[in-house]
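The structure appears right after this line, and notes come after that.
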Amino acid sequence: MPASKKPKATKLPIRIGYGWDSHEFKRGTPLKIGGLTLPHERGLGGHSDGDVLLHAITDALLGAIAGPDIGTIFPPSDPQWKGADSTVFLEEALRRVKQEGYAVANVDSTLILAAPKVGPHASALRERVAELLSIPQNCVGLKAKTPEGMGTDNAAIAHTVVLLQKAARRR
Ligand code: MG
């Protein structure tokens with residue numbers, strides 16, 4: 001397409017983003033999900049702290065602004081991200097969202113894992129995610145499923161959609 005025919009970049013009033021991630025369970029590491037450490041005999045492996053939910057949310061935020069994905073900004077090959085607290089990734093995504101002139105309206109996630117049960121921690125997880133995103137708790141959806149028939153009992157999977165809205169202008 002010739003440059004002159006290309007649609008111009010627009011500042012949409014709202015934008016949607018989608019993120020997905022999976023990590024394998026591993027012994028000898030704490031289970032970090034949604035910025036919390038959940039009691040369980042195994043944690044999630046990976047280069048960082050393996051926080052599958054924060055990674056999916058981070059990618060959803062980056063996707064909403066058509067930005068580079070989490071692995072491009074924080075390459076697993078870079079030793080500085082070894083064992084990294086995933087809130088660092090989320091904060092960078094939020095910085096980019098803000099820089100583009102947007103604010104998070106709401107976020108909705110589904111966690112898929114065989115164990116531990118998410119139900120008893122759901123409210124604490126929603127509270128923590130709301131705090132990390134600086135949005136009210138009633139703007140954070142979280143569902144948990146077990147991987148029926150999927151054969152992924154050794155992994156935790158997270159799907160997230162996020163809605164951004166144009167940030168209010170500062171006076
Ligand atoms: Mg990940």
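The values are calculated or read from the model by the stated rules, or taken from the named source; none is laboratory data. As the structure is a prediction and not an experimental result, all values here were calculated from the model. With ideal geometry, Cβ positions are generated from the backbone for all residues, glycine too; neighbour counts draw on all protein chains shown. For the accessible areas, the whole protein counts, side chains as well, though only heavy atoms, and no ligand, DNA or RNA atoms are used. Shrake-Rupley method; radii C 1.70, N 1.55, O 1.52, S 1.80 Å.
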Out of (1) within 16 Å of the ligand (Cβ to nearest atom); (2) out of contact with any Lys or Arg (no Cβ under 7 Å at 6 or more places or on another chain), the odd one out for residue 37 is which? (1)
Per the filter on the stretch 143-171, residues free of Cβ contacts under 8 Å to residues at least 40 places away in the same chain, under 17 Å from the mean Cα position of the chain (by Cα) and under 23 Å from residue 64 (Cβ atoms) are 143
Subset of the stretch 48-81 [without any contact (Cβ under 8 Å) to a residue 40 or more places away in the chain, surrounded by fewer than 24 Cβ atoms within 10 Å (Cβ to Cβ) and not polar (S, T, N, Q)]: 66, 67, 68, 69, 71, 73, 74, 75, 76, 78, 79, 81
Filter the stretch 6-34 down to residues that are within 14 Å of the chain's Cα centre (by Cα) and open to solvent by 20 Å² or more (accessible area, probe 1.4 Å) and give me whichever is farthest from the ligand (Cβ to nearest atom). 16
Pull up the stretch 40-50, narrow it to residues that are farther than 27 Å from residue 163 by Cα and in contact with a strand residue (DSSP E or B) (Cβ under 9 Å, 6 or more places away or on another chain), then point me to the one that is farthest from the ligand (Cβ to nearest atom). 41
Kindly check whether there is at least one residue in the stretch 33-47 that is farther than 29 Å from residue 120 by Cα and free of Cβ contacts under 8 Å to residues at least 12 places away in the same chain. no
Can you tell me which residue in the stretch 51-85 is nearest to the ligand (Cβ to nearest atom), limited to those that are closer than 16 Å to residue 128 by Cβ and either more than 9 Å from the chain's Cα centre (by Cα) or of a type in the set (D, E, K, R) (or both)? 51
Screening 64, 93 for residues that are more than 26 Å from residue 151 (Cβ to Cβ) and in contact with a Gly (Cβ under 6 Å, 6 or more places away or on another chain) leaves only 64
Can you find a residue in the stretch 114-122 that is part of a strand (DSSP E or B) and aliphatic (A, V, I, L, M)? no
